[in-house]
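Some notes on the structure that comes next.
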Amino acid sequence: MKKRSAASTTEPLEGYVFLVEESLGKGVAETLSQNGFRVVHQGQEIPTGITDLDLFAIAMEKGYVLLSKDLRTRYRPSEKAGIILNELAVFQLAKGTMTGPQMCAAFIAAKPVIRRCLKRMRRPFIVRLSQEGKVTVTYSRDELTKGLKEDEIR
């Protein structure tokens, strides 16, 4: 069995720009940028205080991958539809009460998983990550569309 090298968490995630949602904080964006993530923090190029739907549209337009801790997204039909319509790749922390350093550690530990998901999974999707950087659950397009009306995803 092939061992995963420590380098897989230190290598940059080439070809992707990650949008760090404002709820994660600027410090998280700064730490991730020092650890191989190309990041844009909401508030840097994207205004703060905008709706999630507006944020999703901007992320799609610019080709960003969204990093979030908003665990209620999958219960909000309009936000699920926004992720589907904008064909987003979303990585969410599975626990919204993590500290800044814990959030950073989770995303950094998850770099190999994030890399694999971005290469192998068809967008849209949501991947939830544990504090240890492991996948806790994945929502594919099919799972995101459950419970939505046809006109909500057109």
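Whole-Hz ³J(HN,Hα) for each residue in the stretch 21-29, computed from phi via Karplus 6.51 cos²θ - 1.76 cosθ + 1.60 with θ = phi - 60°, x for glycine and proline: what do you get?
Those phi angles translate into 4, 4, 5, 7, x, 5, x, 5, 4 Hz.
Any chance you could give the angle, 0 to 90 degrees and rounded to 10, that helix 52-62 forms with the longest Cα principal axis of the chain?
Long axis of 52-62 versus the principal axis of the chain: about 60 degrees.
Less than 10 Å Cβ to Cβ from TYR139, Lys/Arg counted +1 and Asp/Glu -1: what total charge do the surrounding residues give? List each step's numbers first, then the result.
Numbers: positive: ARG74, LYS80, ARG128, ARG141, LYS146; negative: ASP142, GLU143.
Local net charge: +3.
Between SER23 and LEU85, what length comes free when the chain is fully extended (0.36 nm per residue of separation minus the Cα-Cα distance, one decimal in nm)?
Values: separation 62, 0.36 × 62 = 22.32 nm, distance 2.27 nm.
Length gained between SER23 and LEU85: 20.1 nm.
How big is the stretch 85-154 on each of its three principal axes, counting only the C-alpha atoms and giving the largest first in Å?
41, 27, 17
Could you compute the longest span of the chain free of GluC sites (Glu not before Pro) located in DSSP loops and having at most 16 other Cβ atoms within 10 Å, not counting the site residues?
Working: sites that count: GLU14, GLU45, GLU87, GLU132.
No qualifying site falls inside 88-131, the longest such stretch.
Can you run the Rg to Rh ratio on the stretch 12-153? Use alpha carbon positions and the Kirkwood inverse-distance Rh.
Computed over Cα atoms, the ratio is 0.93.
Label-point separation (nm) for ASP142 and THR99, each offset 7 Å from Cα along Cα-to-Cβ?
Modelled inter-label distance: 4.2 nm.
Within 10 Å of each candidate Cβ there may be at most 12 other Cβ atoms; applying that plus a DSSP loop requirement, which trypsin sites (Lys or Arg not before Pro) in the stretch 103-133 survive?
Working: sites: ARG115, ARG116, LYS119, ARG120, ARG122, ARG128; in loops: ARG122.
In loop regions of the stretch 103-133 (DSSP not H, G, I, E or B), the sparsely surrounded trypsin sites (Lys or Arg not before Pro) are ARG122.
In the structure shown, do any of LYS62/LYS111; LYS119/LYS149; LYS111/LYS146 have a Cα-Cα gap over 27 Å, and if so which?
Pairs exceeding 27 Å: LYS119/LYS149; LYS111/LYS146.
Using only DSSP helix segments of four residues or longer, with each worth -39500 (n - 2.57), what per-residue ellipticity at 222 nm results for the chain after dividing by its residue count and rounding to 500?
Details: 7 runs with 57 residues, N = 154.
One gets -10000 deg cm²/dmol as the mean residue ellipticity at 222 nm.
A short reminder: the numbers here are calculations on the coordinates, not readings from a lab. What you see is a predicted model, and the numbers here were worked out from it, not measured in a lab. A quick note on method: Cβ atoms are made from the backbone with ideal geometry, for glycine too, and the neighbour counts reach across all protein chains shown.
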